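Worksheet: the structure to be examined is printed underneath.
We did not get these values from a lab; they are worked out from the coordinates using the rules stated. Predicted model, so just to flag it, every value in this text is computed and none were measured. Note that each Cβ is placed from the backbone with ideal geometry, even for glycine, and that neighbours are counted across all protein chains shown.
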Amino acid sequence: MNSRLNSVSNLLDGPVLVTGHTGFKGTWLTLLLEELGVEVVGYSLPPEIDSLYDRLGRVGRIQEEYADVRNLDLVQRFVEHTKPVAVFHLAAQPLVNESYKSPRETFETNVLGTVNLLDAAFQADTIKAFVSITTDKVYKNDNRGVAFKENDALSGKDPYSASKVGSEAAIVAWQQIAKISGGPRVVATRAGNVIGGGDWAKDRLIPDLIRGFSRGEVVQVRNPGSTRPWQHVLDPLIGYLLTLDEVLKGNSIEAINFGPKEASLAVSEVVDIAIKSWGESVAVKLENSVESGYEANKLELNSSLAKELLNWDPIWDQKSAVQATTAWWKDLFLEGKEPGYLCNRDIKFALEHTLP
């Protein structure tokens, strides 16, 4: 077992609350915590059909409640009942395109939901740390391709990124409350475009590719020239755990980035890697028009602070992250391997290669 990650469990004297535990990242985080021997309780909306949580048959595996983070009474009641010692807040409306269709719901979930969790955490005597998972899309992006640092200006253009900037404002407010009145240590973590086995969300590049590959359908890919900091899901999750370890030891972190070391890959490059990794006949159509009104064209993330404070480095580079993700799905659909086995394989690989 990795000594640094194992120290997290040694610092905890109770369960960890993961909000959004039925989602893609939440499911992977729960599995990682369980592998480290950490008790997990979950608060989330019900799982979607064909989600990783659903494929793994996770219902009832931990103490959990299917409810909305916008319901303050239910949030408070669950926190009071389960008495967590730390919170990983992942529950969110995470899709840019969906945010255009449902902007009010996106803001309510991402801003008010964060406020509700922070309010409940500060009223609980047991909670020592609150790690909020936001996004790299909170930075004010003028498409110059500059790698954003934690102290760069924040600004959201689309409803999703704007709502995440709102959640960051709430985090800063509760950080100030903690300084004045005491309370859990609160930190914002910002990761790049996370990929990995089990993500089946609509309007995301890898899931769209896998759906087309597995069904023999033509995949329509938009914005092939746009760049993103792609990373395997376990890389930022390990970063979140190292962040929790640091703040539980009494050290202060307000915000921290987790992204790849190399320059961001273009969508077209990711598509090429995935096609070669799948190794079967597939059909992809690149749409050359750029939907400038929806998302930024260039996005880079500077993770030097994570290296300096946490000695964190990504285990997978972007190419190997795409290859590992594609291999996960290929082994599931073409080789008939169980999703639990595939997740456990990746987790064990990650723990073996995390710096001790």
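I need to check one value: relative contact order of the chain, counting alpha carbon pairs closer than 8 Å and at least 6 residues apart, in percent. Intermediate values should be presented prior to the final figure.
Details: 676 pairs, mean separation 65.2, N = 356.
Relative contact order of the chain: 18 percent.
Which semi-axes, in whole Å and largest first, does the equivalent ellipsoid of the stretch 159-260 have when worked out from the alpha carbon gyration tensor as the square roots of 5 times its eigenvalues?
Numbers: eigenvalues 246, 50, 23 Å².
After scaling each eigenvalue by five and taking roots: 35, 16, 11 Å.
Amide H contacts of LEU301: PHE148, each under 5 Å away and 5 or more positions distant or on a separate chain (H built 1.01 Å from N in the peptide plane; Pro and chain starts excluded). Using only the alpha-carbon atoms, how far is helix 159-181 inclined from the longest principal axis of the chain? Give it as 0 to 90 degrees, nearest 10. The angle comes out near 20 degrees.
With 24 Å as the limit on Cα-Cα distance, the pairs of LYS101/LYS202; LYS137/LYS319; LYS261/LYS285; LYS261/LYS330; LYS276/LYS337; LYS140/LYS261 that go past it are LYS261/LYS285; LYS261/LYS330. Note on the chain: with a GNM built from Cα contacts shorter than 10 Å, the maximum mean-square fluctuation among ASP203, ASP346, ASP73 falls on ASP73. Between the amide H of PHE258 and those of ARG190, ALA191, GLY192, distances stay under 5 Å, these residues lying 5 or more places away or on another chain, with hydrogens modeled in the peptide plane.
Put simply, the amide H of VAL186, placed in the peptide plane, has neighbours under 5 Å in PHE130, leaving out anything fewer than 5 places away on its chain. Since only GLY182, ALA266, SER7 are under comparison, the one whose Cα sits farthest along the positive direction of the charge dipole of the chain, derived from C-beta charges on Lys, Arg, Asp and Glu, is ALA266.
Quick one: net charge of PHE107's neighbours, Cβ under 12 Å, K/R +1, D/E -1?
Values: positive: ARG70, ARG104, LYS164; negative: GLU105, GLU108, ASP158.
Here the count lands on 0.
Quick note on the stretch 22-86: its Rg to Rh ratio, both from C-alpha atoms and Rh being the Kirkwood radius, is 0.96.
Annotation for the stretch 190-219 versus the stretch 24-72: alpha-carbon center distance of 20 Å.
Simple spin-label estimate for LYS179 and LYS101 gives 4.1 nm between the two label positions (7 Å along the Cα-to-Cβ direction from each Cα). Over the stretch 234-280, the hull volume per residue, using the convex hull of the C-alpha atoms, is 89 Å³.
Test of understanding: what is the full-extension gain from GLU34 to ASN302, defined as 0.36 nm times their sequence separation minus their Cα-Cα distance? Numbers along the way, then the final one.
Numbers: separation 268, 0.36 × 268 = 96.48 nm, distance 2.97 nm.
Extending this stretch completely gives an extra 93.5 nm.
Computed from phi, the 3J(HN,Hα) profile of the stretch 351-356 under the Karplus parametrisation 6.51, -1.76, 1.60 (θ = phi - 60°) reads 5, 5, 10, 6, 4, x Hz, with x in place of Gly and Pro. Taking 1.306 mPa s as the viscosity and 10 °C as the temperature, the Stokes-Einstein diffusion coefficient of the stretch 1-125 based on its alpha-carbon Kirkwood radius rounds to 105 µm²/s. Once divided by 2.2 N^0.38 Å, the Cα radius of gyration of the stretch 210-356 becomes 1.19. Size of the stretch 117-204 from its Cα atoms: along the principal axes, largest to smallest, the extents are 41, 33, 21 Å. Extents of the chain, largest first, come to 58, 43, 38 Å (Cα atoms, principal axes, whole angstrom).
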